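A short worksheet on the structure shown next.
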Amino acid sequence: MSSASLIKTPPQKVTVNGWVFYTSTALILLLTAILIAAPQEAGRLLGIAQEWLSRSFGWYYMVVIAAYLIFVVGLAFSSYGKLKLGTKQDTPDFSYGAWAGMLFSSGIGISLLYFGASEPLDHYFNPPEGVSGSHEAARQALQLTFLHWGLHGWAIYALVGLAVAYFAYRHNQPLALRSALYPLMGERWVKGAAGHAVDGFGMFVTLLGLVTNLGIGSMQVSSGLENLFGMEHSNTNLLIVIIVMSTVATIAAVSGVENGIRRLSNLNIVLFSGLLIFVLLFGPTLHLLNGFVQNTGDYLNGIVMKTFDLYVYEGDTQKTEGWLGLWTLFYWAWWISWAPFVGMFIARISRGRTVRELVAGVLLIPLGFTLVWLSIFGNSALDLVVNHGAVELGKTALEQPSMAIYQLLEHYPASKIVIGVSIFVGFVLFLTPADSGAVMMANLSCKGGDVDEDAPHWLRIFWSVVITLVTIGLLFAGNFAAMQTMVVLAGLPFSVVLVLFMFGLHKAMRQDTQMELEQAELAARGRRGFFSERLTAQELQPTQAVVQRFMDKHVTPALEEAAVQLRSQGMSVQTLLGKAKRCMGVRVEMDEGNPFVYEVSLDGYLAAPSESTQDAATDEEVRSRYYRAEVYLHNGSQEYDLMGFTDEQITRDVLDQFESHRQLLGRVYS
């Protein structure tokens, strides 16, 4: 168990990152003030900008979203998929069940209630191609809904989560967006203006997504209360809902990941699943099951075509461009705007997982439930409208989407009770992304601390209050649609940052893989020579005192000599040496790439009794321990022991490892 004092530079106290915090706050408040002060003019200008973006960059969004998906799936199936998000000795912080539950809840929010019934009906009445209200339009409606909520969006979350976790847990960088760029820019740029800009803009994009989420969530819950109690639609009721929802979300955010967010995630799964099963069993069950199978087939069969479908050959270009901007491009930008905080949250809970585990978990665990939900609620709504004459439901889906699911549930037994439960489900669904978003906004505002140490409580409360005030201001100014337009516009530049993430991540993975291979070869060569000159530690099973004396007498002077020789080469060497230290080593910062770290740790292990003595061994003998002077490099334990090495051999091992590290960096970054 290494103290990792050189592998991980001793953390500074958590403090506010002034550049990121003040710049992003000023930008957010300035935008909000403009949208509230001049709602009509701002809305008009943003609408023009969105039309221009849809017309000019629709092709780019389609290509880049496809690239994200191909990249993360390719990583999972490649040899890089075995790389661990952490050192070799790191184990997951959360059980698989708890981890899966938080993955499920972090990306699945109240928007599924909002769009579950309304989106398929909207596509049915306003298809991008074909005849409105036809059977073909109904079939296409579910295919398009699956596309918008399917693999592409979850791949964006996986990309950000993977990049942030990889550099935080393998390269000891901050748990921040900027860290994924250091293979391309180097630490000097990443810690300077470029890094501040990436984190600051990431916070800005995140806030757009969170405000949109709170706005949709408050309208969803408010519509449910209006339906259940016959309340009038009023700004007062909406304000009360927003304040209550935000207060509870803030309390959960202050509770942290391990307490509030994990428990809410578990509650989410139970409530969400219960509502889904109810609609399946008390609706046209066989029709819904058949529909899900066919919808899945349509989605998978047309995924390549729909990924790149810009409806170029449809006659009404203005109509198709407007539809793309309102739906597909909005969704792609919305996924991108949510990616910073959802991706960082995924990274925060994924230490110790492999690349393959993270990609598979993010793509498959939430996705399966999402598609089942959309199919069951979408087909239930279409069945009521097409086959049972529920005209009012279709009208509501177009005019007040947040009310559609409640009107759908009115056709089921015990509708008042079920609607009440669905309102509560919506409330809980809102909380998990809201509180995790506040935590991640606060974390991005800070610097220092351990890699997975969350920001102080006051900063989480601050961002919860800002999100709430911005949402209230926009809703009451009647300019909430303008904020949704801003999501689309802000997604464009941040999509470029995600492209850089791909290049940086691939470069780092290639470097780490090559480095591990060379280090293994070096260790094998060195050990073959050294083993012939010493007894193994396991044969001797030395005590802690014996290993400590060896480290004081041999390791310390050998590391001192290695440091002298490295300094003679012009290197800046940091050392941790001295008598009675259980961990000692040297660290050399490199101009580009990982620092060189060579650390020797006094580690204890349980001794296994031999077969001949196992039956007669006492419990104390079985539990006896032996100790090793174990070598650690920047990526964790190298699983060999220095006991029995001479001073010269230890010094030579340090210099050989350094030379191997430097040569590899030269090849990777050339």
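All of (1) surrounded by fewer than 21 Cβ atoms within 10 Å (Cβ to Cβ); (2) modelled with pLDDT of 80 or more hold for Val631 with one exception: (1). Annotation note: of Leu492, Leu469, Leu498, the sole residue that is in the same structural domain as Ile242 (by the TED database) and at pLDDT below 85 is Leu469. The set of residues in the stretch 170-180 that are out of contact with any strand residue (DSSP E or B) (no Cβ under 8 Å at 6 or more places or on another chain) and surrounded by fewer than 24 Cβ atoms within 10 Å (Cβ to Cβ) comprises His171, Asn172, Gln173.
The rows are residues; the columns are (1) in a helix (DSSP H, G or I); (2) farther than 24 Å from Ala66 by Cα; (3) modelled with pLDDT of 85 or more; (4) within 21 Å of the chain's Cα centre (by Cα).
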site	(1), (2), (3), (4)
Gly130	no, yes, yes, no
Leu159	yes, no, yes, yes
Val164	yes, no, yes, yes
Asn172	no, yes, no, yes
Met185	yes, yes, no, no
Thr212	yes, yes, no, yes
Val244	yes, yes, yes, no
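Quick one: would you say Val391 is farther than 29 Å from Ala249 by Cα and in contact (Cβ under 8 Å) with a residue 24 or more places away in the chain? No: the conditions fail for Val391. Return yes when Leu324 is farther than 25 Å from Asn443 by Cα and in the same structural domain as Ser179 (by the TED database) and no when it is not. Considered against the rule, which asks whether it is farther than 25 Å from Asn443 by Cα and in the same structural domain as Ser179 (by the TED database), Leu324 comes out as yes. Would you be able to tell me the number of residues in the stretch 136-157 that are farther than 30 Å from Leu492 by Cβ and touching a residue at least 24 places away in the same chain (Cβ under 8 Å)? Total satisfying the criteria: 2. For the stretch 325-354, the set of residues classified as among the β-branched types (Val, Ile, Thr) and buried (at least 24 other Cβ atoms within 10 Å of the Cβ) consists of Thr328, Ile336, Val342, Ile346, Ile349, listed by residue number. Count of the stretch 291-315 residues, restricted to those that are within 28 Å of the chain's Cα centre (by Cα), hydroxyl-bearing (Ser, Thr, Tyr) and at pLDDT below 95, is 1.
On the basis of being at pLDDT 95 or above and assigned to a helix (DSSP H, G or I), does Gln318 make the cut? For Gln318, the condition - at pLDDT 95 or above and assigned to a helix (DSSP H, G or I) - is not met. Per the conditions (1) over 27 Å from Leu489 (Cβ atoms); (2) open to solvent by 40 Å² or more (accessible area, probe 1.4 Å); (3) in a helix (DSSP H, G or I); (4) modelled with pLDDT under 90, the sole criterion not satisfied by Ala197 is (1). With respect to Arg356, is the statement that it is part of a helix (DSSP H, G or I) and either without any contact (Cβ under 8 Å) to a residue 12 or more places away in the chain or of a type outside the set (Val, Ile, Thr) (or both) true? Taking the combined requirement at face value, the residue satisfies it.
Which residues, taken from the stretch 289-301, are surrounded by fewer than 18 Cβ atoms within 10 Å (Cβ to Cβ) and closer than 19 Å to Tyr68 by Cβ? Leu300, the sole residue that qualifies.
Checked against the criteria, Ser380 counts as buried (at least 16 other Cβ atoms within 10 Å of the Cβ), assigned to a helix (DSSP H, G or I), of a type in the set (Ser, Thr, Tyr) and in contact (Cβ under 8 Å) with a residue 60 or more places away in the chain. Does Glu119 qualify as being at pLDDT 90 or above and open to solvent by 50 Å² or more (accessible area, probe 1.4 Å)? For Glu119, the condition - at pLDDT 90 or above and open to solvent by 50 Å² or more (accessible area, probe 1.4 Å) - is not met.
Residue check: Gly426 meets all listed conditions (1) farther than 24 Å from Val164 by Cα; (2) surrounded by 24 or more Cβ atoms within 10 Å (Cβ to Cβ); (3) at pLDDT 90 or above but one, namely (3).
You will find that of Phe658, Phe645, the residue that is part of a loop (DSSP other than H, G, I, E, B) and aromatic (Phe, Trp, Tyr) is Phe645 and no other.
When the stretch 45-104 is examined, which residues are found to be assigned to a helix (DSSP H, G or I), surrounded by 18 or more Cβ atoms within 10 Å (Cβ to Cβ) and over 18 Å from the mean Cα position of the chain (by Cα)? Matches in the stretch 45-104: Leu46, Gln50, Leu53, Ser54, Gly58, Tyr61, Met62, Val64, Tyr80. Every listed requirement among (1) among the polar types (S, T, N, Q); (2) touching a strand residue (DSSP E or B) at 6+ places or on another chain (Cβ under 6 Å); (3) free of Cβ contacts under 8 Å to residues at least 12 places away in the same chain is met by Ser78 save one, (2).
Here Leu280 fulfils each of the conditions (1) at pLDDT 85 or above; (2) open to solvent by 70 Å² or more (accessible area, probe 1.4 Å) apart from (2).
Total residues in the stretch 575-597 satisfying the condition of being open to solvent by less than 60 Å² (accessible area, probe 1.4 Å), at pLDDT 85 or above and more than 26 Å from Ala180 (Cα to Cα): the figure is 6.
The values are calculated or read from the model by the stated rules, or taken from the named source; none is laboratory data. Nothing here was measured: the structure is a model prediction, and the numbers come from that model. Neighbour counts run over all protein chains shown; Cβ positions are idealised from the backbone, glycine included. SASA here: full protein model, heavy atoms, side chains in, ligands and nucleic acids out. Shrake-Rupley method; radii C 1.70, N 1.55, O 1.52, S 1.80 Å.
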